[in-house]
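Just below is one structure, and these are the notes that go with it.
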Amino acid sequence: MNEDFHSPNQRYTITLGSYEIKMSHWVAQPYLIRLSDGATLFSLTGDPWSAFTVKWLDEVTVEMKVARYPERLSACSQLLTKLRRQQPTTPSQEHLAR
């Protein structure tokens with residue numbers, strides 16, 4: 001089950017790929033996708049990270065509140081801005097621990 005949050009200019013989308021990790025425990029894994037070519041610009045793959053809020057601040061800036069499953073207490077905000085052509089990125093554990 002996926003949920004999409006399109007940028008105001010419809011050039012990008014945050015797709016939340018939701019899946020059940022345990023009975024009645026869902027994770028909404030976020031992906032930033034450029035719609036013109038379907039390229040994934042950002043993802044939180046690896047450990048199960050779940051997005052709780054997605055808010056486009058302007059055409060190229062998105063803010064997400066995310067937390068690592070299952071503790072949810074380690075929630076943090078992720079701000080992505082100045083979107084451009086680049087390789088997919090995954091935040092380092094050190095960066096996410098802040």
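Computed from the Cβ-Cβ distance with R0 of 25 Å, the FRET efficiency linking I21 to E59 stands at 0.15. Among F52, F42, the order by Cβ neighbours within 10 angstrom, fewest to most, reads F52, F42.
Each reported figure results from applying straightforward, stated rules to the coordinates on display, with no laboratory input. This structure is a prediction, so every number in the text was calculated from the model and none was measured. Here the Cβ is made from the backbone with ideal geometry for all residues, glycine too, and neighbour counts use every protein chain on show.
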